[in-house]
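The block underneath contains the structure these notes are about, expressed in structure tokens.
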Amino acid sequence: MDGAPMGGTDRPVGRRRIAGLLCAALAVTLAPAGCGEQSGDVEARAQAVAEAKRLNQALGHRDRPRDAASITATEVLGDSGTPAPGDGSTVRREAMAWTGRVSGDERATIDVRFVVTLDERPVTSFGARGRTAGAATVCFRYELRLYRYTSYQEIDCPSGAAPPTPSAAPVPALPADGRKRLTAVLRSARPETLAGAVRTAFPQEWITVDTAAQDGALVAAVGVPAERECLLLVRTPTGRIEEPGYDRIWLEPGETGCRTGLYLSPPR
């Protein structure tokens with residue numbers, strides 16, 4: 001008689017204990033299959049660091065003179081970067097400071113803040129991995145020098161809002177109608193007036209001018225050395241205007257450059 005009440009009391013307790021053991025066993029079994037939850041903060045930081053590395057690779061080897069403000073506007077903030085994950089999460093770059101320029105022995109430094117927010121990602125199927133909501137903010141300083149690869153290192157993040165986006169300086173270039181201008185000059189010039197007429201047509205200080213007259217032909221080369229840009233035209237003895245081809249490797253620093261020699265005495 002006394003045993004019946006005790007047995008009735010033990011059975012519910014026993015069932016609860018067995019259920020708990022089964023749940024624990026199931027959790028141990030499923031964990032390796034990826035049914036747990038990742039830390040959103042850890043994943044957010046990993047994404048921010050990966051975006052910083054991607055930007056360093058994009059800035060890459062510097063072979064054009066540029067000021068830090070222009071690089072920031074066009075390559076740091078102008079680049080779309082890595083697309084957001086598409087689940088309500090965001091990956092954002094913020095330029096915090098920029099100084100100097102890439103030119104000669106000078107260097108440019110750019111500080112960038114990377115802000116990543118990740119929404120919660122619940123488990124929706126067996127084998128999937130969930131994620132808690134998370135966020136991370138990391139900052140890196142990029143150093144850029146002419147004819148070198150960009151380097152970067154993590155720095156402490158400054159507080160406060162990012163400053164306004166800087167403006168990019170115009171890139172030196174030949175005018176859009178440069179071929180038309182030079183053709184007109186060559187049609188009307190004489191050997192003794194050629195150099196002055198070409199310079200008048202291209203007065204910008206960043207444009208180089210080189211002219212020559214040889215065996216009845218007039219040759220003119222106008223270029224922007226810093227941008228490896230060159231326009232080379234020839235008026236043949238018959239009066240025809242031609243644009244001779246040449247290997248653009250000769251426009252690189254230390255080579256021939258944009259000179260009439262590209263036509264009159266081509267490098268070998």
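The values are calculated or read from the model by the stated rules, or taken from the named source; none is laboratory data. Remember, it's a predicted structure, so these values are computed and weren't measured experimentally. Here Cβ is always computed from backbone atoms with ideal geometry, including for glycine, and neighbour counts include all displayed protein chains. To get the accessible areas, we keep the full protein, side chains included, count just its heavy atoms, and leave off ligands, DNA and RNA. Shrake-Rupley method; radii C 1.70, N 1.55, O 1.52, S 1.80 Å.
A few remarks follow.
- Restricting the stretch 175-184 to residues that are in a loop (DSSP other than H, G, I, E, B) and either of a type in the set (K, R) or without any contact (Cβ under 8 Å) to a residue 12 or more places away in the chain (or both), the residue that is least open to solvent (accessible area, probe 1.4 Å): D177
- The stretch 252-268 residues that are free of Cβ contacts under 8 Å to residues at least 40 places away in the same chain, paired with ones that are part of a loop (DSSP other than H, G, I, E, B) and charged (D, E, K, R) (beta carbon under 8 Å, 6 or more apart): E252/R228; P267/D247; P267/E255
- Number of residues in the stretch 138-181 that are of a type in the set (D, E, K, R) and touching a His at 6+ places or on another chain (Cβ under 8 Å) equals 1.
- Residues that are within 19 Å of T183 (Cβ to Cβ), open to solvent by 20 Å² or more (accessible area, probe 1.4 Å) and out of contact with any Gly (no Cβ under 8 Å at 6 or more places or on another chain), drawn from the stretch 215-235: G216, R235
- Residue in the stretch 185-212 that is nearest to the chain's Cα centre (by Cα), counting only those that are free of Cβ contacts under 8 Å to residues at least 24 places away in the same chain and open to solvent by less than 60 Å² (accessible area, probe 1.4 Å): V209
- T99 meets the conditions (1) at pLDDT 95 or above; (2) of a type outside the set (A, V, I, L, M); (3) exposed (fewer than 15 other Cβ atoms within 10 Å of the Cβ); (4) within 16 Å of A52 (Cα to Cα) in every case but one. The failed one is (4).
- The stretch 133-174: number of residues that are closer than 27 Å to L59 by Cα and assigned to a loop (DSSP other than H, G, I, E, B): 23
- Flag for R141 being free of Cβ contacts under 8 Å to residues at least 24 places away in the same chain, over 15 Å from D67 (Cα atoms), open to solvent by 40 Å² or more (accessible area, probe 1.4 Å) and not acidic (D, E): no
- Restricting attention to the stretch 249-268, the residues being of a type in the set (G, A, S), open to solvent by 40 Å² or more (accessible area, probe 1.4 Å) and within 21 Å of L218 (Cα to Cα) number 1.
- Yes/no for T165 being touching a Leu at 6+ places or on another chain (Cβ under 7 Å) and either open to solvent by 50 Å² or more (accessible area, probe 1.4 Å) or free of Cβ contacts under 8 Å to residues at least 24 places away in the same chain (or both): yes
- Members of the stretch 112-128 that are modelled with pLDDT of 80 or more, over 24 Å from A68 (Cβ atoms) and either touching a His at 6+ places or on another chain (Cβ under 6 Å) or among the hydrophobic types (A, V, I, L, M, F, W, C) (or both): V116, L118
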